[in-house]
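J.: Sharing a structure here in structure tokens format.
The values are calculated or read from the model by the stated rules, or taken from the named source; none is laboratory data. From a predicted model like this one, the values you see are computed outputs, not experimental measurements. Cβ placement follows ideal geometry from the backbone for every residue including glycine, while neighbour counts extend to all protein chains displayed. With ligands, DNA and RNA removed, areas are computed over all heavy atoms of the protein, side chains included. Shrake-Rupley method; radii C 1.70, N 1.55, O 1.52, S 1.80 Å.
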Amino acid sequence: MTYGLHEPGEPLHLLERNIQCRIPHATERSVPLGWFITPGTQPEDLGARLEAHGLRYDEEEPGMSVDLRTLPDRVEIPDGVRVVEVLDLATLELWARTWGESYDAPEAKWRSRYEFRAAQGLGPTVPYRPYLAFWGDQPVATSELFLGAGVAAIVWVGTVPAARRLGIGAAVTLAPLLDARRMGYRIGALTASNLGYRVYQQLGFREMCRLPVYLWSPEEH
């Protein structure tokens, strides 16, 4: 999925151009377009403007944050579970496949995510850093760390159905945040699904706002 945001103070004609440019970009890559409306977003009728361009209101996601200094050092997980940063293409393909199973996404979507991340590169020089949880030899959960503007953001947390409610989702969320803390970051942030909300609360995250989400999908057009 590709995302859109409107910069405060951006002239309206540039906003319209921004929306218009995002849709062909998503179409070319055959991925959905998601647009978050953040607190203080201007203009106030941005939702209506997005709908006029074919996006539809999807949901309102809680925006949550945590002081990384307050994080626990570990969470209870089954024996044999380990979380690793993805640093090679073979593991990245496992990550994408596991993400697809966690989100019930078709093969075309998880392969598109693999190709996108592979093109960006892996390791400490890129802002997006995928993490994968293994239970024994089996990949069972994913997350991704995004570093920017002094904040460590967590996205794409997912656990395969057979491994849920065992603390693995919390572990794959915690590991990249602890890495960010060691790098000197102090604030962690994420948006929460209904499935993950209580998990994040238990790690110390607190809800700060609500973010309306608008979606455009190539399958619907």
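J.: Pairs only if they're at least six apart or on different chains, beta carbon under 8 angstrom, first in the stretch 49-70 and touching a residue at least 60 places away in the same chain (Cβ under 8 Å), second of a type in the set (Lys, Arg) and in a helix (DSSP H, G or I); list them, first residue then second.
T.: Note: pairs meeting the criteria are LEU68/ARG181; ARG69/ARG181.
J.: Looking only at residues in the stretch 168-188 that are charged (D, E, K, R) and open to solvent by 60 Å² or more (accessible area, probe 1.4 Å), which one is farthest from ALA153 (Cα to Cα)?
T.: Result: ARG182.
J.: Just to be sure before I move on: is ALA149 at pLDDT below 95 and surrounded by fewer than 19 Cβ atoms within 10 Å (Cβ to Cβ) in the structure I sent?
T.: For ALA149, the condition - at pLDDT below 95 and surrounded by fewer than 19 Cβ atoms within 10 Å (Cβ to Cβ) - is met.
J.: Taking into account only those residues within the stretch 94-125 that are in a loop (DSSP other than H, G, I, E, B) and hydroxyl-bearing (Ser, Thr, Tyr), which is farthest from VAL155 (Cα to Cα)?
T.: Ranking the candidates gives THR125 first.
J.: While we're on this one: State all residues of the stretch 201-221 that are in contact with a Ser or Thr (Cβ under 7 Å, 6 or more places away or on another chain) and open to solvent by less than 70 Å² (accessible area, probe 1.4 Å); if no residue qualifies, say none.
T.: Matches in the stretch 201-221: LEU203, GLY204, PHE205, LEU211, PRO218.
J.: Same structure again: With TYR131, TYR57 as the choices, which residue is surrounded by fewer than 18 Cβ atoms within 10 Å (Cβ to Cβ) and assigned to a strand (DSSP E or B)?
T.: From the options TYR131, TYR57, the qualifying one is TYR57.
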